[in-house]
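Coordinate-derived values only; no laboratory data. Fair warning: this is a prediction, and the values are worked out from it, not measured in the lab. Every residue, glycine among them, receives a Cβ derived from its backbone with ideal geometry; neighbour counts consider all protein chains shown.
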Ligand SMILES: [Cu+2]
């Protein structure tokens, strides 16, 4: 009885170590993925500030019941149409820098995309 209990405990302990190792290996690093999402919810961009690598495509999704859009504070860098609920807008950041943006319908809604890295080869 007591021997069996000990064996069971060892098995559980071993499984716990395995799970921990898998979790550590699977941890994502900085947002280096090619595609990142920003949600618009309750008049807020989430995350409000996002750091990505050059070449990353950011997709905004409007989860509000109210229309919003995305306008770069730096003129002409990027601008979306007005998005209804569940509307999406994507922009690929090909240059490093700090890109502030806002919603033209509600200018108090602001966000920033920080793009790190060196510019990739220019497309033909
Ligand atoms: Cu808005």
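Listing 108, 68 from fewest to most neighbouring C-beta atoms within 10 Å gives 108, 68. Label separation (residue 100 vs residue 116): 2.2 nm, computed from points 7 Å beyond Cα along the C-beta direction. Fewest-first ordering of 113, 66 by other beta carbons within 10 Å of each residue's beta carbon gives 66, 113. Among 55-62, 39-46, sorting by the average number of other beta carbon atoms lying within 10 angstrom of each residue, highest first, gives 55-62, 39-46. Our estimate of slack between residue 34 and residue 81, defined as 0.36 nm per intervening residue step minus the Cα-Cα distance, is 14.6 nm. Kirkwood hydrodynamic radius computed over region 35-116 comes to 12.3 Å, based on all pairs of distinct alpha carbons. In percent, rounded to a whole number, the relative contact order of region 35-116 is 34, using alpha-carbon pairs under 8 Å and six or more apart. Annotation: the antiparallel percentage among DSSP beta bridges lying fully within region 35-116 is about 60.
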